[in-house]
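Here the structure is laid out as structure tokens; the discussion comes afterwards.
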Amino acid sequence: MEYLSQKERNKILKEWGVYELSLNDQIVKIFEKVRDIRFGSISSRNPIDVYKANKGTCSGKHFLIKELYKGIGLKTKDMICMQRWKDLIWFPTGNYEIVNFSEELIDMLKEYEIIDFHNYLKIFIDGKWIQLDVTIDKPLKKLGFFTTENWDGKSDMPLCFCGTNKIWDCEDNGMEQKRNLVNQLPKKIRTARKEFLEQMTEWIDALREKGEL
């Protein structure tokens with residue numbers, strides 16, 4: 001499924017100076033530009049909305065980068081893994097640190113089991129599928145979030161969030177699969193998830209406005 005026309009893809013890629021680069025540098029440039037779109041909920045997963053707002057969560061940012069990689073001729077596939085937001089404050093492992101959430105957000109994680117479904121992407125390069133994740137912009141590292149810097153454009157990278165072993169290979173159908181998975185959650189968890197994302201976005205936006213990020 002396509003969410004941007006080739007004309008829309010070309011406009012963005014030209015604006016970012018992508019076509020002037022070698023293929024490997026194009027891959028890296030597109031990753032860095034989408035990664036540095038601000039993380040936060042805009043109540044839309046549509047990639048053109050994410051581009052115009054310069055803001056989005058894991059789903060919208062990955063649907064945008066998927067469209068732009070298609071624009072330079074790469075094969076892609078949507079991936080989803082189940083995540084638990086509490087894992088960012090109680091069970092950090094590997095590349096992850098404890099995220100310094102506000103007290104209000106921590107209280108929500110203590111009260112509710114907030115399950116989510118994390119979108120990421122795979123691209124086909126040199127005969128193999130490569131995993132990448134553009135969710136977190138670099139300033140959020142100050143809060144303990146993880147993101148990848150200095151990527152070589154051809155190696156797997158860690159996910160931005162602690163995933164679980166529940167993984168869905170969605171091929172080209174990530175938006176519908178994400179919607180279906182979220183809708184299958186109990187209403188109480190869906191409500192808590194929505195409120196948590198909204199409050200987390202407000203908290204991050206306030207820190208940005210204060211110049212603390």
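Key figures for this structure:
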{"quantity": "Complete set of residues in the stretch 152-178 that are surrounded by fewer than 18 Cβ atoms within 10 Å (Cβ to Cβ) and in a loop (DSSP other than H, G, I, E, B)", "calculated": "152, 154, 155, 156, 158, 172, 173"}
{"quantity": "Residue check, residue 126 touching a strand residue (DSSP E or B) at 6+ places or on another chain (Cβ under 6 Å) and over 16 Å from residue 203 (Cβ atoms)", "calculated": "no"}
{"quantity": "The listed residue being more than 14 Å from the chain's Cα centre (by Cα), under 30 Å from residue 162 (Cβ atoms) and not aromatic (Phe, Trp, Tyr), out of 14, 75", "calculated": "75"}
{"quantity": "Subset tally (residues that are crowded, with 23+ Cβ neighbours inside 10 Å and within 19 Å of residue 176 (Cα to Cα)) for the stretch 68-79", "calculated": "2"}
{"quantity": "Condition check for residue 206: small (Gly, Ala, Ser) and touching a residue at least 24 places away in the same chain (Cβ under 8 Å)", "calculated": "no"}
{"quantity": "All positions within the stretch 3-57 that are in contact with a helix residue (DSSP H, G or I) (Cβ under 7 Å, 6 or more places away or on another chain), more than 27 Å from residue 201 (Cα to Cα) and either of a type outside the set (S, T, N, Q) or without any contact (Cβ under 8 Å) to a residue 24 or more places away in the chain (or both)", "calculated": "8, 9, 13, 18, 19, 21"}
{"quantity": "Residue among 181, 213 that alone is in contact with a Phe, Trp or Tyr (Cβ under 7 Å, 6 or more places away or on another chain) and either within 12 Å of residue 118 (Cβ to Cβ) or assigned to a loop (DSSP other than H, G, I, E, B) (or both)", "calculated": "181"}
{"quantity": "Extreme residue, modelled with the highest pLDDT, among residues of the stretch 8-47 that are hydroxyl-bearing (Ser, Thr, Tyr) and within 21 Å of residue 123 (Cα to Cα)", "calculated": "22"}
{"quantity": "Among the candidates 59, 43, residue that is closer than 18 Å to residue 135 by Cβ, in contact with a strand residue (DSSP E or B) (Cβ under 6 Å, 6 or more places away or on another chain) and small (Gly, Ala, Ser)", "calculated": "59"}
{"quantity": "Failed item, numbered, when residue 191 is tested on (1) surrounded by 14 or more Cβ atoms within 10 Å (Cβ to Cβ); (2) in a helix (DSSP H, G or I)", "calculated": "(1)"}
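Yes or no, residue by residue, for (1) under 19 Å from residue 203 (Cβ atoms); (2) over 18 Å from the mean Cα position of the chain (by Cα); (3) small (Gly, Ala, Ser):
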| position | (1), (2), (3) |
| --- | --- |
| 71 | no, yes, yes |
| 113 | no, yes, no |
| 139 | yes, no, no |
| 142 | yes, no, no |
| 154 | no, yes, no |
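The values are calculated or read from the model by the stated rules, or taken from the named source; none is laboratory data. Quick caveat, the model's predicted, so the values are computed rather than measured. We place every Cβ from the backbone using ideal geometry, glycine too, and count neighbours over all the protein chains shown.
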